[in-house]
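Nothing in this text is a laboratory measurement; each read-out follows from the coordinates by a stated rule. Every value quoted in this text rests on a predicted model; they were computed, and no experiment measured them. So basically every Cβ, Gly included, is an ideal-geometry build from the backbone, and we count neighbours across all protein chains shown.
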Amino acid sequence: MARKSTLHSESEQIKDQAFSDLQALIEESEKLLSESAALVGEEAETLRAQLQLKLKQASNAVGSVRDQVKPVVDATETYIGGHPWQTVAISAGFGLVVGLLLGRRP
């Protein structure tokens, strides 16, 4: 059980870091784009180079997150493969609860 909670907390940290990095990238990109409206020539080229660098950093961050999440995905696949009937029962129970909640609309 401790292993499961450790994996869960690690995955939450990875998810939070990824969202934080993506939010920072979006904010910086918006700032660069707003500054680029009045720029021409060499200034515009510098701005484009900065934007390309930020996009490359985002791509690297996504790759890093993918690498960090892989063990969690592998553990999930291993559990599902080793416990197929438990997985079916949990999925059916979840579907039943969601169905009941959706069916209670006024």
Only one of (1) surrounded by fewer than 11 Cβ atoms within 10 Å (Cβ to Cβ); (2) within 21 Å of E27 (Cβ to Cβ); (3) of a type outside the set (D, E, K, R) is not met by G41, so which one is it? (2)
Test: residue in the stretch 80-89 that is hydrophobic (A, V, I, L, M, F, W, C) and within 27 Å of S9 (Cβ to Cβ): yes
Which of the residues belonging to the stretch 68-83 are surrounded by 10 or more Cβ atoms within 10 Å (Cβ to Cβ) and without any contact (Cβ under 8 Å) to a residue 40 or more places away in the chain? K70, V73, D74, T76, E77, T78, Y79, I80, H83
